[in-house]
Amino acid sequence: MNVLQAQDLHLWRGEQHVLRGVGFELPAGQCLQVTGPNGSGKTTLLRALCGLIPLESGRVLWKGLDVASDRSAFQGQIDYLGHEPGLKADLTASENLRYAVRLRRAVSAAEIAAALSLAGVPDTGGAQLRHLSAGQRRRVALARLLLSGTALWILDEPGANLDSRGQELLGRLLSQQLSRGGAAVVATHQPLALSAAQQLSLALQ
């Protein structure tokens, strides 16, 4: 079953026609890797899928329903991670996760600690984000994905600032998301550590 579909998406940025009739179908248990040169519209596409910027024409469907008919319900089932990790510098790692995840569900201190451990930053819970490295902040953001429990991850260069172990971690987390019936759309210049059976591709020009 296709859980996410894009149909003939068009979007202009000023006089530039960024998205030109983009379309795809994404089944559950699959990851769509979006590639293309700088300026080809990868970030624009991801933000449009999330409803963060309006489309000039075209439709996005979630489980067969146009997301425009109930955008808040759709956004409750997705998690978006952009170029920036979306964390507050003055809060600790644990505080960031607690406040972010509580928008969706109650979360315990034990769950937060377990997610930080799985993300490879078990000792950062009490540290302010401003005192963590860029790679550690990215791992905290990945811990948020673990806690969110959402069906669809939309990720923009999620491997940024991650070392080789971090890249392996990202591959494992994506694989787990797909294995439990979730889906993902990932814009990245780097190959993903997923099997061929788990991946689809969309190349923007």
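Each reported figure results from applying straightforward, stated rules to the coordinates on display, with no laboratory input. Fair warning: this is a prediction, and the values are worked out from it, not measured in the lab. Note: ideal-geometry Cβ built from the backbone for every residue, glycine included; neighbour counts use all protein chains shown.
Considering only Thr35, Trp153, Val185, whose Cα is most displaced toward the positive end of the charge dipole of the chain, charges sitting on Cβ of Lys, Arg (+1) and Asp, Glu (-1)?
Trp153
Around Thr188, what is the net charge, scoring Lys/Arg as +1 and Asp/Glu as -1 over all other residues with Cβ under 15 Å from its Cβ? All intermediate terms of the calculation are to be shown ahead of the outcome.
Values: positive: Lys42, Arg138; negative: Asp156, Glu157, Glu168.
Once all neighbours under 15 Å are counted, the net charge is -1.
So for the pair Arg105, Asp70, with labels modelled 7 Å out along Cα→Cβ, what separation do we get in nm?
1.9 nm
For the pair Glu84 and Met1, how long in nm is the line joining their label points, each one 7 Å along Cα→Cβ?
3.7 nm
What is the sum of charges, Lys and Arg at +1 and Asp and Glu at -1, for the other residues whose Cβ falls under 12 Å from the Cβ of Arg105?
Details: positive: Arg98, Arg102, Arg104; negative: Glu111.
So the surrounding residues net to +2.
Where in the chain are the helices, taken as whole DSSP H runs, whose Cα atoms extend 18 angstrom or more along the long axis and whose Kyte-Doolittle mean reaches at least -1.0?
Correct list, ordered by number: 134-148, 164-179.
For Leu91 and Ala114 in the same chain, what is the full-extension length gain: residue separation times 0.36 nm, less their Cα-Cα distance, in nm?
Extra length available between Leu91 and Ala114 comes to 6.4 nm.
What is the extension gain from Asp163 to Glu56, computed as 0.36 nm multiplied by their sequence separation minus the C-alpha to C-alpha distance, in nm to one decimal?
That works out to 34.7 nm of additional length.
If I stretch the segment between Ala203 and Gln176 completely, what's the gain in nm (0.36 nm per residue apart, minus their alpha carbon distance), one decimal?
Roughly 7.3 nm would be gained on extension.
Which peptide among 92-101, 109-118, 3-12, 50-59 comes first, and what is the full order, when sorted by highest mean count of other Cβ atoms within 10 Å?
92-101, 3-12, 109-118, 50-59
Kindly list the residues of region 25-54 that lie in the label zone of Ser195, defined by a backbone N under 15 Å from the point 7 Å along the Cα-to-C-beta vector.
From region 25-54, the list is 29-31.
Taking only DSSP H segments of four or more residues, each worth -39500 (n - 2.57), what value at 222 nm results for the chain once the sum is divided by all its residues, to the nearest 500 deg cm²/dmol?
For the chain, the value works out to -9500 deg cm²/dmol.
Candidates (1) 16.6; (2) 15.2; (3) 11.3; which is the computed mean projected area of the Cα convex hull in nm²?
(3)
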